[in-house]
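Chemist: So that we are looking at the same thing, I have put the structure below in structure tokens.
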Amino acid sequence: MALHYDILIAGAGPAGTTAALHLLGSGLQILLLDKAVFPRDKICGDALSGNVCFELEKLGLHYTFKFDQLPRVLPTQGIRFVSPQGKALDIRLKKTRKALHAPGYIASRVDFDYFLWQQVKQAGHVEMLEETTVLKADFFPDKVNVFTNRGVFSASLVIAADGAHSVFAKQLGYKLDKKHHSAGLRQYYEGVTGFAEGSLIELHFIQNILPGYFWIFPMTGGRANVGIGMLSEAISKQKINLKQTLQNIIQRHPTISSRFKNAKALEEPKGYGLPLGSRRLPASSHRLLLTGDAASLIDPFTGEGIGYAMTSGRLAAETIKSININDYSEDSLKNYDRLLWSKIGTELSTSYQLQKLLSYPWLFNRVVNKANRQEALHELIRQMIEEPDRKKAWYNPLFYLRFIF
Ligand SMILES: Cc1cc2nc3c(=O)[nH]c(=O)nc-3n(C[C@H](O)[C@H](O)[C@H](O)COP(=O)(O)OP(=O)(O)OC[C@H]3O[C@@H](n4cnc5c(N)ncnc54)[C@H](O)[C@@H]3O)c2cc1C
């Protein structure tokens, strides 16, 4: 007979580990499994935004404090946006969370995900299995049977946190839609020069890769996370070779290439998909909650997904704690969808509008030029990035009218 758990969490990335940590003390029997052995790499830009800092604080100050002490974690003061015309707009963020001394960080996923994994391990109440790959799941009225390479586990409810290629999302019939999906490449470098003071992360919106961008994120030890991400639909339509485009930018771009003159690539470019939150898929079903990339929750403008993965993990745990174990029905779990979209829906839709605005590069150029001239506008943009409630202002056509006339 299959071993039975109250909750089975499939995948131990930020979504899965955050869910596990928020379920500590619930009295539920939890299994957290992952196909990898930790510490493990994950292809990513490694930028930890204010949302991640917020979620660390939500876990408890104890975790925030421990995170701040980690080696190889670089504090960043903000973002440098480079317009298609090549002009930089530096936004230095102010808001920091308790026990943290910066508004954001850059940390390799080997380190960050292992940190979260270790916190679950040290808490001691969650059974953890590595090298355990979910193959499929059978849903019954009273339980779920999860088939893995190590046998079958049964659970009253599954939290699917198994990332962009989620077995559970596929079983629900979710298909990759190139309008709502980006492809990304990451390549670690050492010796890249020319970073802004305050270790700003850099997003370069280069004309021929819109909607998408080339990034350079500084890291500790003289390293940098370099990469490119672009909407899959545009890649197909324009027949873009992403690897070639990345190399062209690094070797030939008029302002970027000189910064790589003495730089050394530490790996070949590595690719992975980004399921974007520009469409709302149901995130719950009978005895199932989808979180993070499995639920397609990546910001369609910035490509940020770690914070949303952690938020969804937290909300999945809150939903579970709010209902009786005998009532993991489709109806009662729908509350998770409501909760999720009420918290992150506006941010994701606003980002979708911003992604669409990239079809008007001249407008982007004007926003950057004018914000560099007008302090009040610069400050407004900072607030619109920093404050989730103010993000709606990006929606307002009146905001853009001032750049047209
Ligand atoms: C190129 C690129 C750059 C990015 N840059 C950034 C960035 O700078 N900042 C940011 O916030 N976000 C970024 N993202 C997005 C971010 O990586 C994801 O949104 C985030 O990792 C989602 O977390 P998750 O826990 O949902 O999934 P993951 O982090 O993918 O974790 C899923 C876990 O499930 C496990 N798993 C998968 N399948 C199975 C299976 N069948 N059985 C068992 N275990 C399984 C995996 O081993 C993994 O540990 C980037 C993404 C890409 C591709």
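Chemist: What net charge do the residues around Ala295 carry, taking every other residue with its C-beta under 10 Å from that of Ala295, with Lys and Arg at +1 and Asp and Glu at -1?
Modeler: Overall, the nearby charge balance is -1.
Chemist: Can you say what percent of the DSSP beta bridges in the chain, counting only those with both residues inside, are antiparallel? Round to 5.
Modeler: For the chain, the DSSP antiparallel bridge percentage is about 70.
Chemist: Could you name the lysines in cross-link range of Lys136, using Cα to Cα under 17 Å and dropping any fewer than eight places away on the same chain?
Modeler: Lys35, Lys170, Lys175
Chemist: Nothing charged except the Cβ atoms of Lys and Arg (+1) and of Asp and Glu (-1): what's the magnitude of the dipole of region 245-385 about its Cα centre? Round to the nearest 20 debye.
Modeler: On the way: 18 positive and 13 negative charges, 129 e Å.
Its charge dipole is roughly 620 debye.
Chemist: Sticking with this one: For Lys261, which lysines qualify as cross-link partners when the Cα separation must be under 22 Å and same-chain residues fewer than eight apart are set aside?
Modeler: Once the sequence-local lysines are set aside, what remains near Lys261 is Lys87, Lys243, Lys270.
Chemist: For region 102-200, which GluC sites (Glu not before Pro) are both in a DSSP coil and crowded by at most 13 other Cβ atoms within 10 Å? Walk me through the numbers before you get to the answer.
Modeler: On the way: sites: Glu127, Glu130, Glu131, Glu190, Glu197; in loops: Glu130, Glu131, Glu197.
Passing both the DSSP loop test and the Cβ count: Glu131, Glu197.
Chemist: Additional query: Give me the dipole magnitude in Debye, nearest 20, for the chain about the Cα centre, with unit charges on the beta carbon: positive for Lys and Arg, negative for Asp and Glu.
Modeler: 1360 debye
Chemist: Let me ask you something else. Take each of the peptides 236-249, 85-98, average the number of other beta-carbon atoms within 10 Å over its residues, and list them starting from the highest.
Modeler: 85-98, 236-249
Chemist: At a 1.4 Å probe radius, carbon and sulfur cover how many percent of the accessible area of the chain?
Modeler: Result for the chain: 52 percent of the exposed heavy-atom area is carbon or sulfur.
Chemist: Considering Cα pairs under 8 angstrom that are at least six residues apart, work out the relative contact order of the chain and quote it in whole percent.
Modeler: 20 percent
Chemist: A follow-up question, please. Mind checking the per residue accessible area of the chain for me, 1.4 Å probe, whole number of Å²?
Modeler: Solvent-accessible surface per residue comes out at 43 Å².
Chemist: Sticking with this structure for a sec: Give me the extension gain from Thr346 to Arg279: residue separation times 0.36 nm, minus the current Cα-Cα distance, reported in nm with one decimal. Don't skip to the end; give the middle numbers.
Modeler: Working: separation 67, 0.36 × 67 = 24.12 nm, distance 1.21 nm.
Going from the current span to full extension adds 22.9 nm.
Chemist: To continue, here is another question. What does the helix-only formula give at 222 nm for the chain: each DSSP H stretch with n ≥ 4 adding -39500 (n - 2.57), the total divided by the residues, and the result rounded to the nearest 500 deg cm²/dmol?
Modeler: The per-residue figure over the chain is -11000 deg cm²/dmol.
Chemist: Place the peptides 47-56, 68-77 in order of packing, highest mean first, counting for every residue the other Cβ atoms within 10 Å and averaging per peptide.
Modeler: Most protected by this proxy first, the peptides run 47-56, 68-77.
Chemist: How much net charge surrounds Asp41 when only the other residues with a Cβ under 11 Å from the Cβ of Asp41 are counted, with Lys and Arg +1 and Asp and Glu -1?
Modeler: Charge balance in the 11 Å sphere: +1.
Chemist: Express in % the proportion of alpha carbon pairs of region 178-275 at distances exceeding 22 Å.
Modeler: I get 26 percent for the Cα pairs in region 178-275 exceeding 22 Å.
Chemist: On to the next question. For a protection proxy built on the mean count of beta-carbon atoms within 10 angstrom, sort 103-112, 378-387 highest first, please.
Modeler: 103-112, 378-387
Chemist: Taking 7 Å along the Cα-to-C-beta vector as the label spot, tell me the Asn149-Lys175 distance in nanometres, rounded to one decimal.
Modeler: 2.9 nm
Chemist: Follow-up. Around Asn326, under 15 Å between beta carbons, what's the net of Lys plus Arg minus Asp minus Glu among the other residues?
Modeler: Summing Lys and Arg as +1 and Asp and Glu as -1 gives -2.
The values are calculated or read from the model by the stated rules, or taken from the named source; none is laboratory data. On a predicted model such as this, the values are computed, not experimentally measured, just so you know. Ideal geometry is used to build each Cβ from the backbone, glycine not excepted, and the neighbour counts take in all protein chains shown. Surface areas here come from the heavy atoms of the whole protein model, side chains and all, with no ligands, DNA or RNA. Shrake-Rupley method; radii C 1.70, N 1.55, O 1.52, S 1.80 Å.
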